[in-house]
Amino acid sequence: AQSVTQLGSHVSVSEGALVLLRCNYSSSVPPYLFWYVQYPNQGLQLLLKYTSAATLVKGINGFEAEFKKSETSFHLTKPSAHMSDAAEYFCAVSEQGAQKLVFGQGTRLTINP
Amino acid sequence: GAGVSQSPSNKVTEKGKDVELRCDPISGHTALYWYRQSLGQGLEFLIYFQGNSAPDKSGLPSDRFSAERTGGSVSTLTIQRTQQEDSAVYLCASSLAPAASSYEQYFGPGTRLTVT
């Protein structure tokens, strides 16, 4: 069975600092991996996805993530945090050929001025 | 273009009542998904529709939950005899025909259900 673990339910960084949100997955077959962002009272918006092409994936708003098979990780990073990045971030996995997404518990990102 | 829309945005109901939640997917998207977001359980898959195929109901938590999709477009999620543990945000998503699961799922804003 697939599962996703996001380390840290709450991460706080200063404006301009590096953002690092951690995601580890388990899957018996090569997975597809996703990062979604959710702003208050809104639905989920896709930041980026890994679908077995390049292991370093660039997304919207300056975010990127690197797929590391040996570590079963797909951590999300952004070099310089902006106040508008404050939101909840979800890592998700789906098996190739399967349709549903399995989500992690989410990480709430707070940006300090 | 228009995104996924859901109605109502908020619903308060009494325990034991039935509720219907509606989802309008993006035009042309043949795949439709329902998820539930709650404090205790996080984001959970409920059900998936793809074209005229039988839906994947593997995530429905009990037989009080059902969903249908009429004409391959609008979907309704029905919860019968609501319980307090049904309180959550119900999210709908749609995507292009997912021959492979790399197709992006576009999410609606959700319906916040409160059972009193």
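Side notes on the structure shown:
- Scanning the range A:73-113 for residues that are of a type in the set (Ser, Thr, Tyr) and surrounded by fewer than 17 Cβ atoms within 10 Å (Cβ to Cβ) yields a count of 4.
- For the range A:55-83, the set of residues classified as outside any strand (DSSP E or B), of a type in the set (A, V, I, L, M) and free of Cβ contacts under 8 Å to residues at least 60 places away in the same chain consists of A:Ile60 only.
- The range A:58-68, subset more than 13 Å from A:Asn24 (Cα to Cα) and not small (Gly, Ala, Ser), residue nearest to the other protein chains (Cβ to nearest Cβ): A:Ile60
- Screening B:Leu43 on (1) more than 10 Å from chain A (Cβ to nearest Cβ); (2) part of a strand (DSSP E or B) shows it passes everything except condition (1).
- Residue match in the range B:8-22 (condition: surrounded by 15 or more Cβ atoms within 10 Å (Cβ to Cβ), part of a strand (DSSP E or B) and within 11 Å of chain A (Cβ to nearest Cβ)): no
- Matching residues in the range A:69-113 - criterion: being touching a strand residue (DSSP E or B) at 6+ places or on another chain (Cβ under 9 Å), of a type in the set (S, T, N, Q) and more than 7 Å from chain B (Cβ to nearest Cβ): A:Thr72, A:Ser73, A:Thr77, A:Ser80, A:Ser84, A:Thr107, A:Thr110, A:Asn112
- Filter result (of a type in the set (A, V, I, L, M, F, W, C), free of Cβ contacts under 8 Å to residues at least 40 places away in the same chain and assigned to a strand (DSSP E or B)) within the range A:23-54: A:Leu46, A:Leu48
- A:Leu20 meets the conditions (1) away from chain B (no Cβ under 13 Å); (2) not in a strand (DSSP E or B); (3) not acidic (Asp, Glu) in every case but one. The failed one is (2).
- Candidates B:Tyr103, B:Tyr90, filtered to the one that is touching a residue at least 12 places away in the same chain (Cβ under 8 Å), crowded, with 20+ Cβ neighbours inside 10 Å and within 24 Å of A:Tyr39 (Cα to Cα): B:Tyr90
- Residue within the range B:79-87 that is of a type in the set (Asp, Glu) and buried (at least 21 other Cβ atoms within 10 Å of the Cβ) present: yes
- Residue count, the range B:59-106 (criterion: in a strand (DSSP E or B), at pLDDT below 95 and aromatic (Phe, Trp, Tyr)): 1
- Residue within the range B:99-113 that is more than 14 Å from chain A (Cβ to nearest Cβ), more than 30 Å from A:Pro30 (Cα to Cα) and among the small types (Gly, Ala, Ser) present: no
The values are calculated or read from the model by the stated rules, or taken from the named source; none is laboratory data. Not measured: the values here are computed from a predicted model. A quick note on method: Cβ atoms are made from the backbone with ideal geometry, for glycine too, and the neighbour counts reach across all protein chains shown.
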